[in-house]
Amino acid sequence: MSHTSLHDILDRRRPACRLLARAATAMLMLALTACDDVTCPLNNTVESIYNFYASARTEDGTFVEGQAIGVGDTITIVAIDTAEIYINKLYNADNCKLPVSFYRPADSLRWVFTDSKGATASDTIVIFKTSHHHFDDPSCPVHIWHHIDSIAFTDNVIDTIIIASPEVNYDGLENFKIYFRTNQSSDEEQTTDADDDTGSDDDTQS
């Protein structure tokens, strides 16, 4: 009668244990590789981007797109719903970036313009939007992205606003083109224009 020793039993089980250990190691390495492949975006600030342009009108009043300008007036931008000052005394700028509310269906902004003599004028911009959650990956933070549905504005200083890209996210695309009446350009630009237009009729709209 033959007897099987404990040593023999362990010898038989060792190959199976080694195989299981190798399989577990392979699965762990695969999981770690999958985690390494997930890259959360570093530039993940969601802002609406406004660029500034001069407007022009033909003799019959038709709007004509003008060139990019730096606005000579000092600009202060306030959220009407919360009274939060988004931008305070921005000067000679050709663009700005503004936050967008998470859950309100519309954002109302008051833009106040102050010239070099201290005189002020203002316009109100209302942005109607739809907001939604955006996931880059379950391991990344959730962000709120927005789709611009439409826009309304007064036209005391602003002539026209065009929606350039309705998607507000962190891709860095221009969302709004704001066309100002041409006398809002910086002093340097106005001086250059005056030198170029000496002897011509002044058709700047106010």
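Every read-out reported here was derived from the displayed coordinates using simple, explicitly stated rules and does not represent laboratory data. The shown structure was predicted, so the numbers you read here are calculated from the model rather than taken from an experiment. Note that we place each Cβ from the backbone using ideal geometry, even for glycine, and neighbour counts take in every protein chain shown.
Taking 0.36 nm per residue of separation and subtracting the Cα-Cα distance, full extension of the segment from residue 126 to residue 171 would add 13.9 nm. Annotation: lysines with alpha-carbon distance below 18 angstrom to residue 177 (same-chain offsets under eight excluded): 97, 129.
The order of 123, 115, 60, going from fewest to most other C-beta atoms within 10 Å of their C-beta, is 60, 115, 123.
Label point of residue 143 set 7 angstrom out along Cα-Cβ; within the stretch 35-74, amide nitrogens under 17 Å from it belong to 38-50. Label zone of residue 106 (point 7 Å out along Cα→Cβ, amide N under 20 Å): in the stretch 121-141 this covers 122-132. Relative to the 2.2 N^0.38 Å rule of thumb, the stretch 88-165 has a C-alpha radius of gyration ratio of 1.38. Can you tell which of 160, 179, 83 lies farthest toward the positive end of the dipole of the stretch 48-196, using +1 and -1 charges on the Cβ of basic and acidic side chains (Lys, Arg; Asp, Glu)? The Cα lying farthest towards the positive end belongs to 83.
In whole angstrom, how far apart do the alpha carbon centroids of the stretch 94-150 and the stretch 61-93 sit? That distance is 13 Å.
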